[in-house]
Amino acid sequence: MLRIYGAARSRGIRVLWMANELGLQFEHKDYLPRSDPTKTPEYRALNPNGRVPTIDDDGFILSESMAINFYLAKKHKSPLYPSDPRNEALALQWSLWETDRTDRQLVNYARHSAELPEAERKKDIADASWKECADSFDVLETALGKSEWLAGPQFSVAALNVAAALYRGLTLDLSKWPKLKAWLERCWDRPAAKKVRAMREGK
């Protein structure tokens with residue numbers, strides 16, 4: 001049995017989305033980042049970093065959401081894992097790109113523009129983070145102008161990984177990036193995506 005540690009309100013949303021795309025049966029441990037359950041000796045034995053997500057797949061322990069998603073898609077021989085080596089490389093490229101170019105930046109922008117109590121928000125952080133987000137959105141807009149998807153002719157682990165990280169983008173004004181906006185909506189309109197979005201939003 002697959003066990004997934006990590007709340008939908010964390011990077012665990014990527015893994016939950018993938019598991020639902022694959023139709024897997026799994027046990028879900030709804031651990032938030034830095035919550036008490038992640039500090040226990042039992043959890044630290046699984047993930048010494050104390051981060052989420054982590055999976056236990058019949059005794060195989062793996063952390064880092066991108067690695068987990070590539071593993072699950074490949075293990076289950078899903079079409080979400082590109083069979084062509086070039087598209088496989090593109091899926092890796094975009095997944096790694098996302099962790100560097102949008103993940104932290106979008107979180108910082110959201111926190112310091114809306115999510116934190118007003119007294120704790122820092123405009124300089126919000127502005128700098130938005131500039132980085134906009135630059136990354138430009139990159140995605142250009143890429144999606146050349147191809148409907150990021151790694152091959154269909155939705156794949158690449159699209160899932162990047163779109164999951166852009167969850168907060170669903171509430172942003174993306175009119176400047178129409179191809180990105182349409183692509184993000186296509187990704188999040190999938191049944192598995194709707195399911196994990198409802199988990200995240202408590203619906």
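Some points to look at:
- For the range 27-179, the mean projected area of the C-alpha convex hull, equal to one quarter of the hull surface, is 10.8 nm².
- Estimated [θ] at 222 nm from DSSP helical runs (n ≥ 4, -39500 (n - 2.57)) normalised by residues in the chain, nearest 500: -16500 deg cm²/dmol
- Cβ-defined net charge surrounding V52, 15 Å radius [Lys, Arg +1; Asp, Glu -1]: +3
- Seen from I68, the other residues with C-beta closer than 10 Å to its C-beta sum to a net charge of 0, counting Lys and Arg as +1 and Asp and Glu as -1.
- Estimated FRET transfer efficiency (L116, R186; beta-carbon r; R0 30 Å; 0.05): 0.45
- Inter-part distance where the range 1-33 and the range 152-192 are each reduced to a Cα centre, Å: 19 Å
- Charge sum, other residues only, whose C-beta stays under 13 Å from P191's C-beta, Lys/Arg counted +1 and Asp/Glu -1: +3
- Cross-linked pairs K74/K122; K122/K181; K77/K146; K74/K131; K77/K131; K74/K181: Cα-Cα separations exceed 31 Å for K74/K122; K74/K131; K77/K131.
- Burial order of peptide ranges 86-95, 2-11 (average beta-carbon count within 10 Å, highest first): 2-11, 86-95
None of the figures in this text is laboratory data; all of them are computed from the coordinates on show. In this text the structure is predicted, and so the values were computed from the model without any measurement. Virtual Cβ from ideal backbone geometry, glycine too; neighbours counted across all protein chains shown.
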